[in-house]
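Reading through the structure tokens given below for one structure.
The values are calculated or read from the model by the stated rules, or taken from the named source; none is laboratory data. Remember, it's a predicted structure, so these values are computed and weren't measured experimentally. Every residue, glycine as well, gets a Cβ built from its backbone with ideal geometry; the counts of neighbours run over all protein chains shown.
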Amino acid sequence: MAEKQSNLLRDIFQRPDDQLLNEWIAIINSGGNAQENIIREADLRSQCKELITLIGSAMAHNAVDIRSNDFVPVLDYLGEISRARALKGATPTQTAMFVYSLKRPIFDRLRNEVGKEAGKLADESWAATLLIDAMGLYIAEVFQKAREEVIIRQQEEMLELSTPVVKLWEGVLALPMIGTLDSARTQVVMQTLLQRIVETGAEIAIIDITGVPTVDTLVAQHLIKTVTAARLMGADCIISGIRPQIAQTIVHLGVDLADVTTKANLSDAFTVALRRTGYSVHKNSANKPA
Amino acid sequence: MEKIPILRMGRFLLVTIQVDLHDRLAMQLQEDLTNAITKYNARGVLIDISSLEMVDSFIGRMLANIAGMSRILDAQTVVVGMQPAVAITLVELGMSLPGVRMALNVERGMQLLQQSLASSEGALLDENHQ
């Protein structure tokens, strides 16, 4: 009985004509989740065809369990399709519907073949449902994983992008911070800053927090840690770019920034830094236009 | 028993820590340094920790202690050449060494000591002048 059951399903997949393929594609395209903006018709067709062939050969040894070795090529191919869709920005529904659209044509065929025998139809339908559901779940899982990989990669890129240490002058470094500060970022910021202090022999580092949207106790604590670490290395820190709201928040929170030089904007901080390193800037009056 | 050498440079003392600073060595250094300050009548102590790669809270406290003791004996302490990793560790341990002056390298440290010596002696001269 079990063998007979999978034979029928297998025969459906192994039939040489393209009827199953055509119906499948028609359902995918009519499902209200049109995929043409995600994938071209020709590509979709070749993907579906390849998948049907793979499933057919996977079932050649009467395998119906998706976890068996016979199904490895099918899963690999599904994974590939899913990953490609995730990167192209398809929705999870669109991706899952790609597989679930196969149900209708299969069920139609089962009904035509064994529709007269209710018991058998139920058995066959159950087998087909198991197979397609398992494939659908797998494709959704890979989709999710691919999206998470994208997110993780973006986070890493942001972390690198958002911590530049620039040299403003001989012995003066600036660290323009952008975005929310959390522990992981502070750690990176601290390390890059200290490393640059060693490399350049800078005496003064200006931490500009114009791009930091909010300051809470945690962020303030991170800032103080960075300043202290720089001081331990023998460099002074100036915090600049403190907006009025942030100044209010810092005082309301009771954060003690008394030991740190703070300036309202970067240019004030830079002037202080120049003065401390012994430079001064003059307007060259000789060059004034006559 | 290994010992950390204390070098005399004019009115300053130079201590370069080039071995792993374990606890007994640290205590020994504290002892030797305070003796040396009184013996040579030193006005400044420069501690180079650029080869120090690991610290714990004990070493951190010891640095603070040395600075405190030197100040009582009228000598300024400057710690120079702290590695980034060491600085981060000390901050994470909650030790900001508030009483200790820091400099990036020996040259800067010497400048700091000379400046503070010059200013304190200048003040002394001013008082005598008046």
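Output the residue which, of all residues in the range A:42-91 that are outside any helix (DSSP H, G or I) and among the charged types (D, E, K, R), is nearest to A:ASP18 (Cα to Cα).
Ranking the qualifying residues of the range A:42-91, first place goes to A:ASP65.
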Within the range A:160-170, does at least one residue satisfy the condition of being at pLDDT below 85, out of contact with any Cys (no Cβ under 7 Å at 6 or more places or on another chain), crowded, with 20+ Cβ neighbours inside 10 Å and more than 11 Å from chain B (Cβ to nearest Cβ)?
yes
Within the range A:235-260, restricting to residues that are surrounded by 15 or more Cβ atoms within 10 Å (Cβ to Cβ) and modelled with pLDDT under 90, the one that is nearest to the other protein chains (Cβ to nearest Cβ) is A:VAL260
Residue in the range A:65-76 that is within 25 Å of the chain's Cα centre (by Cα), within 18 Å of A:ILE132 (Cβ to Cβ) and at pLDDT 80 or above present:
yes
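Restricting the range B:69-117 to residues that are among the hydroxyl-bearing types (Ser, Thr, Tyr) and more than 13 Å from the chain's Cα centre (by Cα), which is nearest to the other protein chains (Cβ to nearest Cβ)?
Among residues in the range B:69-117 that are among the hydroxyl-bearing types (Ser, Thr, Tyr) and more than 13 Å from the chain's Cα centre (by Cα), the one nearest to the other protein chains (Cβ to nearest Cβ) is B:SER96.
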Those residues of the range B:1-54 which are in a strand (DSSP E or B) and touching a strand residue (DSSP E or B) at 6+ places or on another chain (Cβ under 6 Å), in sequence order:
B:ILE6, B:LEU7, B:PHE12, B:LEU13, B:LEU14, B:VAL15, B:THR16, B:GLY44, B:VAL45, B:LEU46, B:ILE47, B:ASP48
Could you say which residue among A:LEU193, A:LEU121, A:LEU137, A:LEU175 is modelled with pLDDT of 85 or more, among the aliphatic types (A, V, I, L, M) and surrounded by fewer than 16 Cβ atoms within 10 Å (Cβ to Cβ)?
A:LEU137
Within the bounds of the range B:4-20, is there any residue that is within 14 Å of chain A (Cβ to nearest Cβ) and of a type in the set (D, E, K, R)?
no
Just one listed residue, out of A:VAL215, A:VAL227, A:VAL198, is among the β-branched types (Val, Ile, Thr), within 14 Å of chain B (Cβ to nearest Cβ) and either surrounded by fewer than 23 Cβ atoms within 10 Å (Cβ to Cβ) or not in a helix (DSSP H, G or I) (or both), and it is A:VAL198
Can you tell me which condition A:SER285 does not meet? The list is (1) exposed (fewer than 12 other Cβ atoms within 10 Å of the Cβ); (2) touching a residue at least 40 places away in the same chain (Cβ under 8 Å), and all the others hold.
(2)
Could you tell me which of the residues A:ILE132, A:ILE209, A:ILE152 is in a strand (DSSP E or B), more than 14 Å from chain B (Cβ to nearest Cβ) and either without any contact (Cβ under 8 Å) to a residue 60 or more places away in the chain or charged (D, E, K, R) (or both)?
A:ILE209
Single condition B:ILE72 does not satisfy, out of (1) touching a residue at least 12 places away in the same chain (Cβ under 8 Å); (2) more than 19 Å from A:ASP259 (Cα to Cα)
(1)
